[in-house]
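Structure first, then comments.
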């Protein structure tokens, strides 16, 4: 074995594999189900064994990672198709094989992270692939454990069921997204960020206002502002306006504090330069100080994107028309339709990520000069 | 004297402005209802009297500051702590789950940060997901977590604390990754020349360097943790806690109670953040940090 060198993940996977071979078959033989085939179990075991040996060989890390990737995912795919339709019938071998697959996938990620590709596209692809594998394995383990151990549907539905639910109830979800995001969140976000921005410019101009507002703004960031939701519902009614009002209050202060900080970010030298150009207040503001404040402003916009979504959804717990994401979540929980709740959460997560992602993209385009975007050091 | 002019005067002026604006808003918003009331009772009152009445309605749309202050004072100091109406009682319930969630969240955050700093594979695969995890409006699933955990027999503090944990681990994890990586290359090289093991470098260099970052992020985390605890109490018919009080008051349109609960929550938040900041300063000083 002189040419072989095994990682601890591979050794652990080998131990699990041997353990699995002693506890076959993978699934319980049901009364009406056909006896589980040993052939598939043998194929999975062989696949994993090959992967372990391959991993120990002296081939290039990239090649080994590719092989591990294919082997681990093929094996887990076969495992999942074995358990399909037989929820709760998994035996110890199933979980041992699953763990072995997971360890090999981890080994694959370790190999991938140690790669130092020369060209940029490969680097970007790698930067996306590694977290993607991690995310995929969360879903795989979730699916495998809920199906394998037969966890009751109302406790934790498997991801596949949630996916099916999303596909089946697209119109309902679309109406909720329209009500919560396109009406309440967007309106509140624009108003809140806009008001915060304008107040920040005012506070920057009048130093008395800045000295008074900044400590208050910092203090407010620690307060549970979300609690004003019932008051807003009382003032503005059950429609989307009350949710937008909550969002306005939640987004105002982060924007104010960050913009005020950003407006002071430009250096003395640069401000002096503007003065030698005889530029007036507005010219300095537009050409120097606002661009210099852009990273801070975008930071606030990003923080606010999450806050806005939370504010609108939580405000809906206090009363809505019969549509909206928060409304759907609280009623479907009451009816124990947990898969619908998860579907709504998945949509909310997707919306939140897209919202954040769009702002991040705009930020990259707008602050292309900033060291954190150029990839250099500040 | 300097801090008086630089801080206290502007802040008090603006706070006074807010209070005055609040009174004006209260009179303005409560006036229609009071006018209606007067017309039905065939009462004609002068302007001053009318304004006085708008500020002392039992269930106003906007309660006046003194009504809220009175309610807070009464329910904080004049009631028995075990009473269902005592704000101290409700704040205590919320505080318990906040602290539990905060402890879990801080521990989890530190653990994740240590993993990320030391294991390359974790750094590459986990970090993007940690950031993505916070774009999920987790508060939205708070009711579900509580109902589901109740279905398998876990009730009480733990479900609420879990929501707080989820909200509070993120700032700690991000802050600690930054903190554990904050030692300069020079210092790391020095440890290298001492032939220090990774374990020794961790305890003698990385951990002390990360302490200021830890306390800064703990301040954010404890505020987030309180929000999690309050929202966790909202939708599931919890019987006690600031969130439950808020929800109850909103069902019965008890606006003064609602505002009082909000004030109680804010006071708790400020106390907690202040406490963490205070602890941070003590630790800083005992570790020999010089004031910057």
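The values are calculated or read from the model by the stated rules, or taken from the named source; none is laboratory data. Because the structure is a prediction, the values reported are computed rather than measured. Methodologically, a virtual Cβ is constructed for each residue, glycine included, from the backbone with ideal geometry; neighbour enumeration extends over all protein chains shown.
For this structure, a couple of remarks:
- Residue among B:208, B:159, B:212 that alone is assigned by TED's automatic domain parsing to the domain that holds residue B:101 and surrounded by fewer than 15 Cβ atoms within 10 Å (Cβ to Cβ): B:208
- Residue B:113 under 30 Å from residue A:303 (Cα atoms) and without any contact (Cβ under 8 Å) to a residue 60 or more places away in the chain: no
- Any pair with Cβ under 6 angstrom, 6 or more apart, that starts in the stretch B:38-58 at a residue that is assigned to a helix (DSSP H, G or I) and ends at one that is surrounded by 14 or more Cβ atoms within 10 Å (Cβ to Cβ): B:51/B:27; B:53/B:34; B:54/B:27; B:54/B:30; B:54/B:31; B:54/B:34
- Of the numbered criteria (1) within 11 Å of chain B (Cβ to nearest Cβ); (2) outside any loop (DSSP other than H, G, I, E, B), the one residue A:289 fails is (1).
- Any hit, the stretch A:300-309, residues being assigned by TED's automatic domain parsing to the domain that holds residue A:277, under 23 Å from the mean Cα position of the chain (by Cα) and within 13 Å of residue A:179 (Cα to Cα): yes
- Residue-level analysis places residue A:163 among those that are within 24 Å of the chain's Cα centre (by Cα), on the phi < 0 side of the Ramachandran plot and more than 14 Å from chain B (Cβ to nearest Cβ).
- Failed item in (1) assigned to a helix (DSSP H, G or I); (2) within 10 Å of chain A (Cβ to nearest Cβ); (3) within 19 Å of residue B:258 (Cβ to Cβ), with residue B:6 passing the rest: (3)
- Scope the stretch A:19-55; condition at pLDDT 75 or above, surrounded by 15 or more Cβ atoms within 10 Å (Cβ to Cβ) and more than 15 Å from residue A:97 (Cα to Cα); matching residues: A:54, A:55
- Check on residue A:66, part of a helix (DSSP H, G or I), more than 14 Å from chain B (Cβ to nearest Cβ) and free of Cβ contacts under 8 Å to residues at least 12 places away in the same chain: yes
- Flag for residue A:294 being part of a helix (DSSP H, G or I), touching a residue at least 60 places away in the same chain (Cβ under 8 Å), touching a helix residue (DSSP H, G or I) at 6+ places or on another chain (Cβ under 9 Å) and over 27 Å from residue A:178 (Cβ atoms): yes
- Qualifying residue in the stretch B:202-220 (condition: within 11 Å of another protein chain (Cβ to nearest Cβ) and touching a residue at least 60 places away in the same chain (Cβ under 8 Å)): yes
- Among the residues making up the stretch A:264-281, a single one is within 40 Å of the chain's Cα centre (by Cα) and either crowded, with 16+ Cβ neighbours inside 10 Å or at pLDDT 90 or above (or both): A:266.
- Within the stretch A:315-363, the set of residues being more than 9 Å from chain B (Cβ to nearest Cβ) and on the phi > 0 side of the Ramachandran plot comprises just one member, A:324.
Here is a yes/no grid of residues against (1) farther than 21 Å from residue B:169 by Cα; (2) without any contact (Cβ under 8 Å) to a residue 60 or more places away in the chain:
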site	(1), (2)
B:68	yes, no
B:72	yes, no
B:77	yes, yes
B:83	yes, yes
B:96	no, no
B:100	no, no
B:130	no, yes
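- Boolean, residue B:140 is closer than 29 Å to residue A:152 by Cα, at pLDDT below 75 and surrounded by fewer than 23 Cβ atoms within 10 Å (Cβ to Cβ): no
- Here residue A:368 meets each of (1) more than 13 Å from every other protein chain (Cβ to nearest Cβ); (2) in contact (Cβ under 8 Å) with a residue 40 or more places away in the chain; (3) over 22 Å from the mean Cα position of the chain (by Cα) with one exception, condition (2).
- Residue tally, condition in a helix (DSSP H, G or I) and surrounded by fewer than 20 Cβ atoms within 10 Å (Cβ to Cβ), over the stretch A:308-331: 1
- Test: residue in the stretch B:243-253 that is part of a loop (DSSP other than H, G, I, E, B), out of contact with any strand residue (DSSP E or B) (no Cβ under 7 Å at 6 or more places or on another chain) and more than 8 Å from every other protein chain (Cβ to nearest Cβ): yes
- Check on residue A:148, buried (at least 20 other Cβ atoms within 10 Å of the Cβ), in contact with a strand residue (DSSP E or B) (Cβ under 9 Å, 6 or more places away or on another chain) and either under 30 Å from residue A:65 (Cβ atoms) or not assigned by TED's automatic domain parsing to the domain that holds residue A:49 (or both): yes
- Residue match in the stretch B:81-92 (condition: surrounded by fewer than 23 Cβ atoms within 10 Å (Cβ to Cβ), modelled with pLDDT of 85 or more, under 30 Å from residue B:201 (Cα atoms) and assigned by TED's automatic domain parsing to the domain that holds residue B:210): no
- Restricting the stretch B:171-195 to residues that are at pLDDT 90 or above and in a loop (DSSP other than H, G, I, E, B), the residue that is surrounded by the most Cβ atoms within 10 Å (Cβ to Cβ): B:194
- Test: residue in the stretch B:221-238 that is more than 30 Å from residue A:320 (Cβ to Cβ) and touching a helix residue (DSSP H, G or I) at 6+ places or on another chain (Cβ under 8 Å): yes
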